[in-house]
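Trainee: Have a look at this one before I ask anything.
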Amino acid sequence: KLAASEATSVHIVGSIVSEGKPITLDMELLSGKGGQGKIGQEGFTIDLVETEGSVYINGSAAFYRHVGGTAAAQLLQGRWLKAPANSGELVSLASLTNLSKLIDTALANHGAVTKGAKSTIEGQPAIAINDTAKGGTLYVATTGKALPLEIAKNGKESGKVVLNRWNQTVTLKAPKNAIDISKLQNGG
């Protein structure tokens, strides 16, 4: 866990089940700064950037139709929306860009663990650490730093995510001309 908590950045790709719904992730996370990438849920895709205390989303037409109807979909098609990262409508999405929170959630919420078989994840030697109580396996690198390489969970919260490109340079850029939805909702 220590090597992961000291990491500056990571790329996470895969799918998880959250509150009974499958979510696909392809995110670059930057510790203490935010993240960017693509999320898919219930047939919708959302481009997501979180930086400097704001979260930005650019959804597919299907996503905008789902949240706001046909008129909203036509109006918002191709546009970025902006909201505070720590309050309001987009808080749950912003949590997906928090590297330390994601690592803590993934690694802390387990039962009794046992060492499993040796494996290879994306060409890297790894050891499986099995959660015997809740089901699921964490694969940790056995060369270099002991970084998590993959998390696989079973049961109703099933899914698999690969963690790679640890500590590579990631540049977060706020999209230009985003519509600030916190101002829209306050009538301003």
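Trainee: State whether one or more residues within segment 3-14 are open to solvent by 30 Å² or more (accessible area, probe 1.4 Å) and at pLDDT 90 or above.
Mentor: Pass one, segment 3-14, residues open to solvent by 30 Å² or more (accessible area, probe 1.4 Å): 5-6, 8, 13.
Now narrow it down to the ones that are at pLDDT 90 or above: 8, 13.
There is at least one residue in segment 3-14 that is open to solvent by 30 Å² or more (accessible area, probe 1.4 Å) and at pLDDT 90 or above.
Trainee: Looking at 90, 48, 102 in this structure, which one is closer than 25 Å to residue 171 by Cβ and open to solvent by 30 Å² or more (accessible area, probe 1.4 Å)? Outline the logic, then answer.
Mentor: On the way: 90 fails: open to solvent by 30 Å² or more (accessible area, probe 1.4 Å); 48 fails: open to solvent by 30 Å² or more (accessible area, probe 1.4 Å).
Being closer than 25 Å to residue 171 by Cβ and open to solvent by 30 Å² or more (accessible area, probe 1.4 Å) holds for just one of 90, 48, 102, which is 102.
Trainee: Find the strands (runs of 3 or more DSSP E) located wholly in segment 1-110 whose residues include 1 or more that are farther than 30 Å from residue 144 by Cβ and aliphatic (A, V, I, L, M), and list them.
Mentor: Answer list for segment 1-110: 9-18, 44-51, 54-59, 81-84.
Trainee: Got at least one residue in segment 157-164 being open to solvent by less than 70 Å² (accessible area, probe 1.4 Å), in a strand (DSSP E or B) and without any contact (Cβ under 8 Å) to a residue 60 or more places away in the chain? Please lay out each step first, then the result.
Mentor: Step one: list which residues in segment 157-164 are open to solvent by less than 70 Å² (accessible area, probe 1.4 Å), which gives 158-159, 161-164.
Restricting the remaining residues to those that are in a strand (DSSP E or B) gives 159, 161-164.
Still in the running and without any contact (Cβ under 8 Å) to a residue 60 or more places away in the chain: none.
No, because not a single residue in segment 157-164 is open to solvent by less than 70 Å² (accessible area, probe 1.4 Å), in a strand (DSSP E or B) and without any contact (Cβ under 8 Å) to a residue 60 or more places away in the chain.
The values are calculated or read from the model by the stated rules, or taken from the named source; none is laboratory data. All of these numbers come straight from a predicted model, not from anything done at the bench. Because the Cβ atoms are built from the backbone with ideal geometry, glycine has one as well, and the counts that use them run over all protein chains shown. What goes into the accessible areas is simple: the full protein's heavy atoms, side chains included, and nothing from ligands, DNA or RNA. Shrake-Rupley method; radii C 1.70, N 1.55, O 1.52, S 1.80 Å.
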